[in-house]
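Asks: Starting off with a structure, shown below.
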Amino acid sequence: MIRPKLQWFALTGALLAWSMLGQQPTTSEPADLQVQFRSGTGSNRFRIGEVIPVEVLLSSPTANRYLEPCALFRETNFGFPQCRFFSRWSFTITSETGWVDYKKEFGGPQAGGGPTFEVPTHYLTTQPLIFSYVLTNRFRFDKPGEYTIHFQLDMGADDEETKAQAHPPGITVTREVVLQIVPADADWQKEIVRQGTEAWFQPSPRETNPPSQSLLDYKQAKLALCTLGTPETARVLAKGALPSYDEAERCLRRSPSLSAGIEEMRRLLVDPDIAVTPNFFSVLVKLNIEEFRRVGASVLTQDIVNTERDVLFRALPRKRGDAQVESLATVLRNPLRTELNGGGDAFDLPFPPEVITAAVDNFDRLPQQPRELLLEDGWVRIRSSLMLPAVRETAEASDGPALLRWLELDPAPATEFIRKEIVRPQPRFSSYYLRLPDASLPAQEKQIAANFAAFATLNDDRDLVHSASLLHRYATGAVLPAVLPFIDSKLVEWPCSIQVPVLAFLLKVSAGQAAPRVERVLGTSRTEVCTSRLLTTLGLLEPSPVLQRIALAQVEAGTSDAVDGAIYLKRHAPPELKATIWRELEQWQGRFVAGGAEKRWYRSAATSDDRVKHDLAMELTTTFEAAEGWVLTRDDEKQLDALLDQESLKALGCRFACGASLAIGPGPGRFTIVGNRHPTEEERDNARESMEYLNSSERLRYRINQYGCADLQTLKDKLLQFPAGSAFVFNPEDFSERDRKELVEIANFLAEHHYKVNVQGFLALNPPH
């Protein structure tokens, strides 16, 4: 809402302006509501390409009658204003040609996320409120002529009976103004370009409240340049896409001279001194698509990416210094991609050898972020023996992803390097990167234990995390006497990134030593995210009968770790625990229903104790119906149907297919295998950065109905629980030729166990390109 800061008009002046603009209220409007819609400059005459501000003035002599409009002209998509009456508004133009509407009619702000916030209720007074709007942010006028702009606004109105109501009734007001659009003279356009160019490429003045005149002038000059729409303006904005790509893209997308802007961007693409950033390149691609759309032609985005990337790559030898390296990084960020006939996501393909050679020659000059991308999620783009020198040198400088790529390209020397790193006094890598097939390293474990003990006395958590992960991965119970005193002296004090591998080591080598220490950590006050699911997290490294016993005890007692225990049991409980899980579910569901907890929950009046019962009952339900250790039978489903309300039961089925049965019948059935990527390096949350040893070494995870499988072995174990002779298909939206290795292995496994699957037929729908 915009309130007037300078009340420079009098009521008589406002009425005169109203009369001059020819506005008359409709006969259905109340007489005590004054509404004006007018030009914000005092003139209705504007040049083509000129910024056109308009204003709405609202007032009333009747006190506490008409609500001020809520969020009028608010166009941000962030946040949800909560208003007693939401004021919808719209503009329309009666002339049929000569103008362009940038977007559909507004129905108020379209929120896409963010917080809710209350907007206080205020009433109109005799003092007019001014609400300003830039019409040319919504419309573009391309031809001279007369245009009638209609404005419609819904407003809330109170009377004595409605003041207590949450939502008062509304009234609709309409106004119009006639604008004269005239040709623009060359001198005026030249001045707009001069001022706009100067503003666009200079630093923004400091933000102040109220804004300084220099800030207002700066913003006005940029807006005028964005609105002008001439070819010269488009060329300036093309250069502006280098420092301010979002703003430049928005302006160019609306410009009638888009082609001139694209032409200038293509010139900059090959300019020897221009560093082509990924953002600049992305804007060029998007504007190309917009140009095709304007002429009614269709084009694949990837075709445009390929064309512009190849042009940029051919220009690299002529680029100089940092411009060459930055432009190469942009090439490497825009890979070749497949186009799949059978559905699914497109995926990266390798670059041709000449691009990979350029990457190798300049690898140490590339910025850190593109280097990390290429060695991790973008490795398929440059995977080649040509990369061996670069990955070896980078790995030797303590880069984990590079070490894995070295191991992939040249296993023997990389393995020798790993063996040396495992016993390095100051370990530079965790067990996630120091991967050997050995279950243990008897010749090295004493040094591993000594390294752990040395860092356990220091305050360097990073090195101790690495040592602890190696202790778990490669040491045996032979070193337990050497490390246990250090573990006991520091266990509770350590962050969970150290506690987890240390406890996993104890679970691996000595159940008797592990149990009391896991319980000790569970009994301490913990604030870290990873320890709120300590049992589940330990299960990722070292599932154990010890953890199973502790998890079940937490569930039975309903402790603060009971939900964690239920999640652990879902993933690791053996079939013989199925009846026990059902018994616990019955008890906790009964406690949730008894005493009115369930009713309070659905009335949003639940107590903290109600929440504990609800959360545990829900998690135990999931544990029972989606366990990795068994499948739900029809009798099991009948039990759930009798225990749960129908809405909860339907919600369980909707996790994979609304209306589907949760049960697996006794005879052969037909089932779909769903696949998803494990989170990429960029997608993993910060909590995992210090716990990289928990990351999966596999690319995919799987699901069949409600059953999730974190890796290929878990999937195989689950498949054997389905009736013999069942048929399996692969979800076409999740798999493609990229996944051939995994698909063939799954298909062979199914065939060996007398299941049906047609993987070759599926892959034929998704051929390589």
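The values are calculated or read from the model by the stated rules, or taken from the named source; none is laboratory data. Quick caveat: nothing in here was measured; it's all calculated off a predicted structure. A quick note on method: Cβ atoms are made from the backbone with ideal geometry, for glycine too, and the neighbour counts reach across all protein chains shown. The protein model used for the area step is the full one, side chains on, heavy atoms only, and it has no ligands, DNA or RNA in it. Shrake-Rupley method; radii C 1.70, N 1.55, O 1.52, S 1.80 Å.
Asks: With unit charges on the beta carbon (Lys/Arg positive, Asp/Glu negative), name the residue among GLY596, GLY675, ALA562 whose Cα is farthest towards the positive pole of the charge dipole of the range 541-694.
Replies: Of the options given, the answer is GLY596.
Asks: Any idea what the dipole of the chain comes to, in debye rounded to 20, about its Cα centre with Lys/Arg Cβ at +1 and Asp/Glu Cβ at -1? The partial results should precede the final answer.
Replies: Details: 86 positive and 100 negative charges, 65 e Å.
That gives a dipole near 320 debye.
Asks: Right, something else. What residues qualify as long-range amide H neighbours of ILE664, i.e. H under 5 Å apart, gap of 5 or more or another chain, H built at 1.01 Å from N?
Replies: Long-range HN contacts for ILE664: LEU632, THR633, ARG634.
Asks: If you don't mind, there's one more thing I want to ask. With respect to the cross-link table entries LYS599/LYS638; LYS103/LYS222; LYS420/LYS718; LYS420/LYS741, which display a Cα-Cα separation exceeding 29 Å? The partial results should precede the final answer.
Replies: Numbers: LYS599/LYS638 24 Å; LYS103/LYS222 21 Å; LYS420/LYS718 39 Å; LYS420/LYS741 32 Å.
Violating the 29 Å limit, Cα to Cα: LYS420/LYS718; LYS420/LYS741.
Asks: Go from 0 up to the bin containing the longest alpha carbon distance in the range 28-152, width 5 Å each, and give me the % of pairs per bin.
Replies: 2, 9, 17, 20, 18, 16, 11, 6, 1
Asks: Quick check: Cα centre of the range 690-765 to Cα centre of the range 400-429, how many Å?
Replies: That distance is 30 Å.
Asks: Could you give the C-alpha radius of gyration of the chain expressed as a fraction of 2.2 N^0.38 Å, taking N as the number of residues it contains? Walk me through the numbers on the way to the answer.
Replies: On the way: Rg = 33.6 Å, N = 769, 2.2 N^0.38 = 27.5 Å.
For the chain, the normalised Cα radius of gyration comes out at 1.22.
Asks: With +1 assigned to the C-beta of every Lys and Arg and -1 to the C-beta of every Asp and Glu, and no other charges, what is the dipole magnitude of the range 139-286 about the Cα centre in debye, to the nearest 20? Intermediate results must be reported in sequence, preceding the final value.
Replies: Working: 17 positive and 22 negative charges, 132 e Å.
Computed about the Cα centre, the dipole is about 640 debye.
Asks: Mean separation of Cα pairs under 8 Å and 6+ residues apart, divided by the residue count of the chain: what relative contact order is that in percent? Provide the component values of the computation, followed by the final result.
Replies: On the way: 1166 pairs, mean separation 53.0, N = 769.
Across the chain, relative contact order equals 7 percent.
Asks: Then there is this: Quick one: net charge around CYS658, please, counting Lys, Arg +1 and Asp, Glu -1 for every other residue with C-beta under 13 Å from its C-beta.
Replies: Values: positive: LYS650, ARG655; negative: GLU647.
That works out to +1.
Asks: Work out from phi, with θ = phi - 60° and the Karplus expression 6.51 cos²θ - 1.76 cosθ + 1.60, the ³J(HN,Hα) of each residue of the range 79-88, listed in order in whole Hz, and give x for Gly and Pro.
Replies: So the J values, rounded to whole Hz, are x, 10, x, 9, 10, 5, 9, 8, 8, 7.
Asks: Let me ask another. Quick one: if the Förster radius is 22 Å, what FRET efficiency do GLU396 and GLN368 give, using the C-beta to C-beta distance and rounding to 0.05?
Replies: Values: r = 17 Å, r/R0 = 0.77.
The computed FRET efficiency comes out at 0.85.
Asks: While we're here: Using +1 at the Cβ of each Lys and Arg and -1 at the Cβ of each Asp and Glu in the range 289-336, identify which of ALA323, LEU336, THR307 lies farthest towards the dipole's positive end.
Replies: Farthest along the dipole direction, towards plus: ALA323.
Asks: Mind ordering 227-233, 607-613, 463-469 by average Cβ neighbours within 10 Å, highest first? Kindly include the intermediate steps, with their values, before the conclusion.
Replies: On the way: 227-233: 21.9, 607-613: 15.0, 463-469: 26.4.
Sorting 227-233, 607-613, 463-469 by mean packing, highest first, produces 463-469, 227-233, 607-613.
Asks: Please report the carbon-and-sulfur percent of the accessible area for the chain; probe 1.4 Å, protein heavy atoms only, DNA, RNA and ligands left out. Don't jump to the answer; show the numbers that get you there.
Replies: Working: 18830 of 36600 Å².
Roughly 51 percent of what the probe reaches on the chain is carbon or sulfur.
Asks: To the nearest 20 debye, what charge dipole does the range 218-365 have about its Cα centre, counting +1 at the Cβ of each Lys and Arg and -1 at the Cβ of each Asp and Glu?
Replies: Numbers: 20 positive and 21 negative charges, 110 e Å.
The dipole magnitude comes to about 520 debye.
Asks: Continuing with the same structure: Can you list the equivalent-ellipsoid semi-axes of the range 533-613, largest first and in whole Å, using the square root of 5 times each Cα gyration tensor eigenvalue?
Replies: Details: eigenvalues 142, 39, 15 Å².
Each semi-axis is the square root of five times an eigenvalue, giving 27, 14, 9 Å.
Asks: Another question, if that's okay. Please name which of VAL193, PHE505, SER398 has its Cα lying farthest along the dipole of the chain towards the positive end, using unit charges on Cβ (Lys, Arg +1; Asp, Glu -1) and the Cα centre as origin.
Replies: Going by the Cα projections, it comes out as VAL193.
Asks: Can you give the extra length, in nm with one decimal, that the chain gains between ASP187 and ASP615 once fully stretched, where that is 0.36 nm per residue apart less the Cα-Cα distance?
Replies: Values: separation 428, 0.36 × 428 = 154.08 nm, distance 7.07 nm.
Extending this stretch completely gives an extra 147.0 nm.
Asks: Between ARG194 and THR607, what is the label-to-label distance in nm when each label sits 7 Å out along the Cα-to-Cβ direction?
Replies: According to this spin-label approximation, the distance is 7.8 nm.
Asks: With every protein chain kept in place and ligands, DNA and RNA left out, what is the accessible area per residue of the chain? Probe 1.4 Å, answer in Å².
Replies: Details: 36600 Å² over 769 residues.
Here the residues of the chain average 48 Å² of exposed surface.
Asks: Here's another thing I want to ask about it. When only Cα pairs under 8 Å and 6 or more residues apart are kept, what is the percent relative contact order across the range 467-545? Walk me through the intermediate numbers first.
Replies: Values: 55 pairs, mean separation 26.7, N = 79.
Dividing the mean separation by the residue count of the range 467-545 yields 34 percent.
Asks: Now a separate question. Between SER95 and ASP154, take the C-beta separation as r, use R0 = 30 Å, and let me know the FRET efficiency to the nearest 0.05.
Replies: On the way: r = 25 Å, r/R0 = 0.82.
Calculated value: 0.75.
Asks: Grab the Cα-Cα distance for ASP361 and SER440, subtract it from 0.36 nm times how many residues apart they are, and report the gain in nm with one decimal. Provide the component values of the computation, followed by the final result.
Replies: Details: separation 79, 0.36 × 79 = 28.44 nm, distance 3.90 nm.
Gain on extension, ASP361 to SER440, equals 24.5 nm.
Asks: Highest mean first, how do 563-572, 261-270, 198-207 rank when packing is the count of other Cβ atoms within 10 Å averaged over residues? Provide the component values of the computation, followed by the final result.
Replies: Details: 563-572: 24.7, 261-270: 19.2, 198-207: 12.7.
Highest mean packing first, the order is 563-572, 261-270, 198-207.
Asks: Can you work out D for the range 301-380 in µm² s⁻¹ from Stokes-Einstein, where Rh is the Kirkwood radius over C-alpha pairs, the temperature is 10 °C and the viscosity is 1.306 mPa s? Let's see the in-between values first.
Replies: Numbers: Rh = 13.3 Å.
The diffusion coefficient I find is 119 µm²/s.
Asks: What are the ³J(HN,Hα) values, in whole Hz, obtained from phi via the Karplus relation 6.51 cos²θ - 1.76 cosθ + 1.60 with θ = phi - 60°, for each residue of the range 654-659 in sequence order, with x given for Gly and Pro?
Replies: Those phi angles translate into 5, 5, 10, 6, 4, x Hz.
Asks: Here's something else I'd like to know. Where the eigenvalues come from the Cα gyration tensor of the range 579-713, what are the semi-axes √(5λ) of the equivalent ellipsoid, largest first, in whole Å? The partial results should precede the final answer.
Replies: Working: eigenvalues 176, 105, 34 Å².
Taking √(5λ) for each eigenvalue gives 30, 23, 13 Å, largest first.
Asks: Can you compute the helix-only [θ] at 222 nm over the chain? Use -39500 (n - 2.57) per DSSP H run of at least 4 residues, normalise by all residues, nearest 500 deg cm²/dmol.
Replies: -14000 deg cm²/dmol
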